[in-house]
Amino acid sequence: MRHLIQLSLLSLLLASPALAGDTVLHAGPMQGYSAERSIALWVQTKRPASVQFRYWPVDTPAKAVLTPATQTRGEVDHCLTTVLDGLTPGVRYRYELYLEGKNVQRPYPLEFETRPLWRWRTAPPTVTLLMGSCAYFNEPEVDRPGRGYGGQEEIYESMAKVKADGMLWLGDNVYFREVDWTTREGLAARYRHDRAHPKLQALLAAMPHYATWDDHDFGPNDSDGTYPLKDEALKLFSRYWPAVHYGMPETKGVFQQFPIADAEVFMLDDRYHRSPNSLKLGPDKVMLGKGQMKWIKHALAASRSTFKLVAVGSQVLNKVTPWEAWQPMFPQEQKELIDWIVTQRIEGVVFLSGDRHHTELLVEKPSGGYPLYDFTSSPMTASAHGMREDNPEFKNPLRVPGTHVAERNFGVIQLTGPAKDRRLILEARRVDGTRIWRQEIPRSKLGWPKKK
């Protein structure tokens, strides 16, 4: 609901000292999910404080709207998500953050843009998404002794400069340490520490953010559905990553789906229902679980989108890794999904994944199907891992030549081209934002030949 600003109140707010709220702000503001007529804005304060947003279309400042004052609360870590609704599709807005009635200025633009209403009106718009995984922020007081595992946080500043329509966080978005994962308070402390990193703030404000998790932001290393605090981890994840929905009424988890242009993004949960890695193969050994598997199958079958981007923390296609990945550890479930895609003739599927501390593009053509790609992007600020020649992955037969990256990096996905000739462009970029490699995949290659 829109709330008209009264002139007297507006004058008071504009006269307030701009820097006074800086002592109250802990992290943010961050763009959460975005749609045609609404957007979620997230903020975290250091103590209980009133929060307001004043926003307006960039071309018409006179139409400014001020949200009601809402108090942050200690029982939810002083996090607050405000949904601005009643917006106009395809419009760029500017906004201001007020804490305790004080305008908190930031050293970067506070702007957002609603999704355009394009169907039945125009060609599908060009869309750019960023992606990455493995975001480690050093905390020497509790980290393992020795050289810090994290570094080069300036990557987030490079990412903030890309004119993107959203950021996909593909897991290990924080790294719980031994001091964290035994209590709810420890989990919350990790989120508070990492979310407030100065170099992260511009990226949080620059574009909408969507996330799934992997083991390190779910629980201990290689954790699974037996983790006793998984419901606390789920609450915290939902608190720090606002989404339209997580899971389904009958199945918990952080899986979600959302449309963007002529694509849909399906973010899977590879931890909440996961069987132990050491469990012997059989029908009960699963990564997604029956409820989530049913959901992703039916969601893909129901989708009419040109591209279907399926994002998950674990690699999907890799067969030769000795480490955690879907195919070698849960081959029956992985095959079930791939077979479903082929038998149901679901076109336009591309997998996105993280976790591995190196980047690569894998491709495999299943029997009777079309080439399936798995774009793995990792790490952002955790340490990167190279490969020795005796590693079975050194010459992975599924790897697209020239796409292996053993340094900190992030991914870029672009959907572009006219409606009948859409293309998917994938890039890996260095910490400074320069391109490492680029691959272009025509949509026509992600399906079966059309009958004449």
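The values are calculated or read from the model by the stated rules, or taken from the named source; none is laboratory data. Fair warning: this is a prediction, and the values are worked out from it, not measured in the lab. Neighbour counts run over all protein chains shown; Cβ positions are idealised from the backbone, glycine included. These area figures cover heavy atoms from the full protein model, side chains too; ligands, DNA and RNA do not enter into them. Shrake-Rupley method; radii C 1.70, N 1.55, O 1.52, S 1.80 Å.
General remarks:
- Contact annotation: residue pairs with Cβ atoms under 9 Å, 6 or more positions apart or on different chains, pairing a residue in region 10-37 that is farther than 20 Å from L204 by Cβ with a partner that is at pLDDT below 50, are L13/I5.
- Set Y149, Y175: member being under 15 Å from S378 (Cβ atoms), aromatic (F, W, Y) and at pLDDT 95 or above: Y175
- Selection status of F176, of a type in the set (F, W, Y) and more than 30 Å from A419 (Cα to Cα): yes
- Checklist (1) over 21 Å from V431 (Cβ atoms); (2) open to solvent by 10 Å² or more (accessible area, probe 1.4 Å); (3) touching a residue at least 40 places away in the same chain (Cβ under 8 Å) applied to V179, failing item: (3)
- Filter pass, D269 being acidic (D, E), at pLDDT 95 or above and assigned to a loop (DSSP other than H, G, I, E, B): yes
- Sole exception among (1) out of contact with any Leu (no Cβ under 7 Å at 6 or more places or on another chain); (2) part of a loop (DSSP other than H, G, I, E, B); (3) farther than 30 Å from K395 by Cβ for G291, by number: (2)
- Checking A202, A164 one by one, the residue that is touching a strand residue (DSSP E or B) at 6+ places or on another chain (Cβ under 9 Å), open to solvent by 10 Å² or more (accessible area, probe 1.4 Å) and not aromatic (F, W, Y) is A164 and no other.
- Flag if K297 is of a type in the set (K, R), more than 27 Å from Q44 (Cα to Cα) and part of a helix (DSSP H, G or I): yes
- Exclusive hit being without any contact (Cβ under 8 Å) to a residue 24 or more places away in the chain, more than 25 Å from G166 (Cα to Cα) and not aromatic (F, W, Y), set A49, A62: A62
- Of all residues in region 108-159, those being open to solvent by 70 Å² or more (accessible area, probe 1.4 Å) and of a type in the set (S, T, Y) number 3.
- Failed item in (1) buried (at least 22 other Cβ atoms within 10 Å of the Cβ); (2) within 20 Å of C79 (Cα to Cα), with L234 passing the rest: (1)
- Of all residues in region 58-100, those being over 29 Å from A233 (Cα atoms), open to solvent by 20 Å² or more (accessible area, probe 1.4 Å), assigned to a loop (DSSP other than H, G, I, E, B) and among the small types (G, A, S) number 2.
- Scanning region 334-377 for residues that are of a type in the set (S, T, Y), surrounded by fewer than 22 Cβ atoms within 10 Å (Cβ to Cβ) and under 19 Å from the mean Cα position of the chain (by Cα) yields a total of 0.
- When R438 is tested against (1) touching a residue at least 24 places away in the same chain (Cβ under 8 Å); (2) open to solvent by 10 Å² or more (accessible area, probe 1.4 Å); (3) closer than 26 Å to E393 by Cα, just one condition goes unmet, and that condition is (1).
- Any hit, region 237-244, residues being surrounded by 18 or more Cβ atoms within 10 Å (Cβ to Cβ) and touching a Leu at 6+ places or on another chain (Cβ under 6 Å): no
- If the condition is being open to solvent by less than 40 Å² (accessible area, probe 1.4 Å) and modelled with pLDDT under 95, then region 21-57 contributes only G21.
- Which numbered condition P259 fails, given (1) buried (at least 22 other Cβ atoms within 10 Å of the Cβ); (2) under 19 Å from L352 (Cα atoms); (3) under 15 Å from the mean Cα position of the chain (by Cα): (1)
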